[in-house]
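Engineer: Take a look at this one; I'll ask things after.
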Amino acid sequence: MPLPLLAEELSKEQKRGLRKREINSMRKHTARSASRRQSSISMLSIAVITLALWSCVINTAAQAAEAGKDVGTATNLPRILVLATGGTIAGQADPRASGAYKSGQITAEQLVQSVPGLDKLASLSAEQISSIGSQDMNDKVWFALARRIQQAVDKNEADGVVVTHGTDTLEETAFFLDNVLHGDKPVVIVGSMRPATAVSADGPGNLYEAVQVAADPRSRGRGVMAVLNDKIEGARSVTKTNTTSIETFNSPNGGPIGYVDTAGGIRFMAQVPGLKRMTYELPTNEQLPRVEIVYSHANMDAVPIEDAISHGAKGIVLAGVGDGNTSKQALDALEMAAKKGIIVVRSTRVRSGFVTRNVEVDDDKNGFVVSEDLSPQKARVLTQLLIASGVTAPAELQRAFTATW
């Protein structure tokens, strides 16, 4: 073969060899790259899997923690003791007339079980103290209530107490308890204007809100409270103002101390009072001294006052006209009663306002006490407790009445 052709053939062979080497080199490079990619992919897969596993672990731990939190919340609910006394809130319909009912027919347990959602608010226990209409409320029930509440507080049996009660004398029971209980745990008294069997019974809603208030830590140190119709009233000022309306309990001189609503929860209108309130011990003879309320009216004479004295009254509260005044005959009889050592307290039959000393009546001269803004029925309760505690001097009595503010 001629040299030029041989050179050309060799050149072709060299080119083919070079091309093979290039191809092999490219294949090796591709293989190495693929291997590296595979390795990267494997490492990435491991990282993704590891991350997923950690995510599962974290989520599981979070769920467990949340579950534990729920269990803790369920087991650590506030402990509320419900004490039932009867009243309209435990009433059942009676066929004698439209809207008629009998008080105190439903037990404490039945009341608690009839209100949906109570078990979410608190750990509840219920006891029956009495089954009466509150028009029959008496010292025996008062003492039983006071002792049971104080026992629950002293032995740490409950974080708060709810008392179900008829509305007619609810304000007097609340004021009595407020003056004899020691401690700062919440005590809430609740009732209803319509019986449990009424189509639009207000009892379940009132009881729910009463438990809600009693279970709230912000309720501590506020004394006894009444909760009805979305309002929180203080025991000192609350009074029933309407015979049948559910909007009956108000505090004419002070207003409510707070409100309850489903959207905003509990709203107190003021901070917890800083001063410790005065409390009194229950008398050992199991009853309070006899104190009568005498109602003033036009053309009044001395007969009601003389009658109270003849029946052994230790004190007389005048439900006076205007600023606690009454007729001259009645005033003369009250002055004679004071000279005999009978406590005389001037209150008023007027719905709101304060009775002031020595304005229309010479209280210093006559030895009278004025009730400030306490209604006749609450002035009676405080007078009973003061006499039972041995406080009988007019000046000391007046200081005690004034100190309730």
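The values are calculated or read from the model by the stated rules, or taken from the named source; none is laboratory data. On a predicted model such as this, the values are computed, not experimentally measured, just so you know. Here the Cβ is made from the backbone with ideal geometry for all residues, glycine too, and neighbour counts use every protein chain on show. These area figures cover heavy atoms from the full protein model, side chains too; ligands, DNA and RNA do not enter into them. Shrake-Rupley method; radii C 1.70, N 1.55, O 1.52, S 1.80 Å.
Engineer: With every protein chain present, what accessible area does Met137 have (1.4 Å probe, heavy atoms only), rounded to the nearest 10 Å²?
Structural biologist: Per-residue accessible area (Met137): approximately 30 Å².
Engineer: Farthest toward the dipole's positive end in region 193-252, which of Asn242, Asn229, Pro217, given Cβ charges of +1 (Lys, Arg) and -1 (Asp, Glu) about the Cα centre?
Structural biologist: The listed residue farthest towards the positive side: Pro217.
Engineer: Between Tyr101 and residues 5 or more places away or on another chain, which pairs have amide H atoms under 5 Å apart, with H built 1.01 Å from N, and which residues are they?
Structural biologist: The answer is Asp94.
Engineer: If ligands, DNA and RNA are left out, what is the accessible area of Val180 with a 1.4 Å probe, given in Å² to the nearest 10?
Structural biologist: 10 Å²
Engineer: Further, regarding this structure: Sequence-distant or interchain residues sharing an amide H contact under 5 Å with Val344, placed H: which?
Structural biologist: Amide H neighbours of Val344, under 5 Å, 5+ apart: Ile316, Val369.
Engineer: Quick check: net charge around Gly315, other residues with Cβ under 10 Å of its Cβ, Lys/Arg +1 and Asp/Glu -1? Before the final figure, lay out each step's value.
Structural biologist: On the way: positive: Arg290, Lys314, Arg380; negative: Glu292.
Charge balance near Gly315 sits at +2.
Engineer: Residue separation times 0.36 nm, minus the C-alpha to C-alpha distance between Ala395 and Gln271: what's the value?
Structural biologist: Gain in length upon complete extension: 41.5 nm.
Engineer: Quick one: with all protein chains in place, what share of the accessible area of region 298-344 is carbon or sulfur, to the nearest percent (1.4 Å probe)? Spell out each step's value before the answer.
Structural biologist: Values: 1190 of 2190 Å².
In region 298-344, the share of accessible area belonging to carbon and sulfur is 54 percent.
Engineer: With the cut-off at 1.5 for a/c, could you classify region 96-153 from its C-alpha gyration tensor as rounded, prolate or oblate?
Structural biologist: Numbers: a/c = 3.30, a/b = 1.10, b/c = 2.99.
Judged from the Cα gyration tensor, region 96-153 comes out oblate (a/c at least 1.5, b/c at or above a/b).
Engineer: What's the ranking of 85-97, 285-297 by average number of surrounding C-beta atoms within 10 Å, highest first?
Structural biologist: In decreasing order of mean packing, 85-97, 285-297 become 85-97, 285-297.
Engineer: Let me ask another. Mind checking the full-extension length gain between Arg218 and Tyr295? Use 0.36 nm per residue of separation minus the Cα-Cα distance, one decimal, nm. Show your work: numbers first, answer last.
Structural biologist: Details: separation 77, 0.36 × 77 = 27.72 nm, distance 3.96 nm.
Difference between extended and current length: 23.8 nm.
Engineer: Would region 236-285 count as rounded, prolate or oblate if I go by the C-alpha gyration tensor, calling it rounded below 1.5 in a/c and otherwise prolate when a/b exceeds b/c, oblate otherwise?
Structural biologist: Numbers: a/c = 2.33, a/b = 1.32, b/c = 1.77.
Oblate, since a/c reaches 1.5 and b/c is not below a/b.
Engineer: Also, I was wondering about something else. What does the net charge come to around Ala214 if you take all other residues with beta carbon closer than 14 Å to its beta carbon, with K and R at +1 and D and E at -1? Kindly include the intermediate steps, with their values, before the conclusion.
Structural biologist: On the way: positive: Arg79, Lys185, Arg218, Arg220, Arg222; negative: Glu157, Asp159, Asp184, Glu209, Asp216.
Taking every Cβ under 14 Å from that of Ala214, the sum is 0.
Engineer: Sort 103-115, 310-322, 393-405 by packing, meaning the average of other beta carbons within 10 Å per residue, with the highest value first. Each step should come with its number before you reach the end.
Structural biologist: On the way: 103-115: 18.3, 310-322: 19.8, 393-405: 15.2.
The packing order, highest mean first, is 310-322, 103-115, 393-405.
Engineer: Rolling a 1.4 angstrom probe over the protein heavy atoms, how many square angstrom per residue are accessible across region 254-405?
Structural biologist: On the way: 7830 Å² over 152 residues.
In whole numbers, region 254-405 has 52 Å² accessible per residue.
Engineer: Could you work out the local net charge near Gln329, counting Lys and Arg as +1, Asp and Glu as -1, over the other residues with Cβ closer than 15 Å to its Cβ? All intermediate terms of the calculation are to be shown ahead of the outcome.
Structural biologist: Details: positive: Lys328; negative: Asp301, Glu306, Asp307, Asp332, Glu335.
Local net charge: -4.
Engineer: For Glu127 and Thr262 in one chain, what is 0.36 nm times their gap in residues minus the Cα-Cα distance, to one decimal in nm? Spell out each step's value before the answer.
Structural biologist: Numbers: separation 135, 0.36 × 135 = 48.60 nm, distance 2.73 nm.
Gain on stretching Glu127 to Thr262: 45.9 nm.
Engineer: Please give the charge dipole size of region 232-320, origin at the Cα centre, charges +1 on K and R Cβ atoms and -1 on D and E Cβ atoms. Round to the nearest 20 debye. All intermediate terms of the calculation are to be shown ahead of the outcome.
Structural biologist: Details: 7 positive and 9 negative charges, 87 e Å.
With Lys and Arg at +1 and Asp and Glu at -1, about 420 debye.
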